[in-house]
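Data first, discussion second: the structure below is written as structure tokens.
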2 protein chains.
Amino acid sequence: MMKTLAALVSFLFLNTLAMADSEFRHVVLLSFKEDATAEDITKIEKAFAALPDQIEAIQDFEWGTNVSPEGKAKGFTHCFLVTFKDKAGLEVYLPHQAHKDFVTILKPSLEDVLVIDYVAK
Amino acid sequence: MMKTLAALVSFLFLNTLAMADSEFRHVVLLSFKEDATAEDITKIEKAFAALPDQIEAIQDFEWGTNVSPEGKAKGFTHCFLVTFKDKAGLEVYLPHQAHKDFVTILKPSLEDVLVIDYVAK
């Protein structure tokens, strides 16, 4: 009985550790219209980077502009990597008012967007 | 004089910390041909995931399959995130024999690829 209990406890514990490693990554690639100004783009970068302070579900956030020498970015110039604990985090983020306000700022300058999410292995 | 020296030392120190934060991220999205089998795809996933053991320049590596509910992945099903200390790491990686061998395994099943690299801010 004690052995079964110990096995159960250690199974639950290991399971929790494994789950904690499986960050939910939300990858967003953006490209901008030709008539978007440098000022428009800076405003969008700052608005996106302000989201972690407004949306608690965001665990980690980073971004940068394309520096690949391979020429396979299909015109995308910006990559944003938003991390949530799990899919529930994304489900809080997507309809969040702060995210909606960001999309309103983004939309007029947006040429193309690609979104891919994955649970990190 | 001491004040100037202190300012210089703290500037250099802060600068070093900032540099250490600026990981070089190599984001690779893949999609596979319709005739690629589940076995072909598993072989590719394993071959990609084996690269960190073969190429020392890889600092961090993770991947996963698309779970985005937004439908904006443009057909890409796999995302791989390869981290280098800096661009020099990528320049070791790209022509590395282990990377070339991986591309040879990948090629016959590859439908489309997107690569975007950024220095994390």
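Structure values in brief
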| item | result |
| --- | --- |
| Among the candidates B:LEU110, B:LEU90, B:LEU106, B:LEU114, residue that is open to solvent by less than 10 Å² (accessible area, probe 1.4 Å), under 22 Å from A:PHE76 (Cβ atoms) and over 11 Å from the mean Cα position of the chain (by Cα) | B:LEU114 |
| Verdict on A:THR77 being open to solvent by less than 50 Å² (accessible area, probe 1.4 Å), within 13 Å of chain B (Cβ to nearest Cβ) and of a type in the set (Ser, Thr, Tyr) | no |
| Test: residue in segment A:105-115 that is within 12 Å of another protein chain (Cβ to nearest Cβ) and among the polar types (S, T, N, Q) | no |
| Verdict on B:GLY71 being over 13 Å from the mean Cα position of the chain (by Cα), facing chain A (nearest Cβ under 9 Å), at positive phi and at pLDDT 95 or above | yes |
| A:GLU34 being within 12 Å of chain B (Cβ to nearest Cβ) and either open to solvent by 10 Å² or more (accessible area, probe 1.4 Å) or over 14 Å from the mean Cα position of the chain (by Cα) (or both) | no |
| Index of the failed condition, A:ASP117 passing every other in (1) under 29 Å from B:ALA88 (Cα atoms); (2) part of a loop (DSSP other than H, G, I, E, B) | (2) |
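The values are calculated or read from the model by the stated rules, or taken from the named source; none is laboratory data. Quick caveat, the model's predicted, so the values are computed rather than measured. Backbone-built Cβ (ideal geometry, glycine too); neighbour counts: all protein chains shown. The protein model used for the area step is the full one, side chains on, heavy atoms only, and it has no ligands, DNA or RNA in it. Shrake-Rupley method; radii C 1.70, N 1.55, O 1.52, S 1.80 Å.
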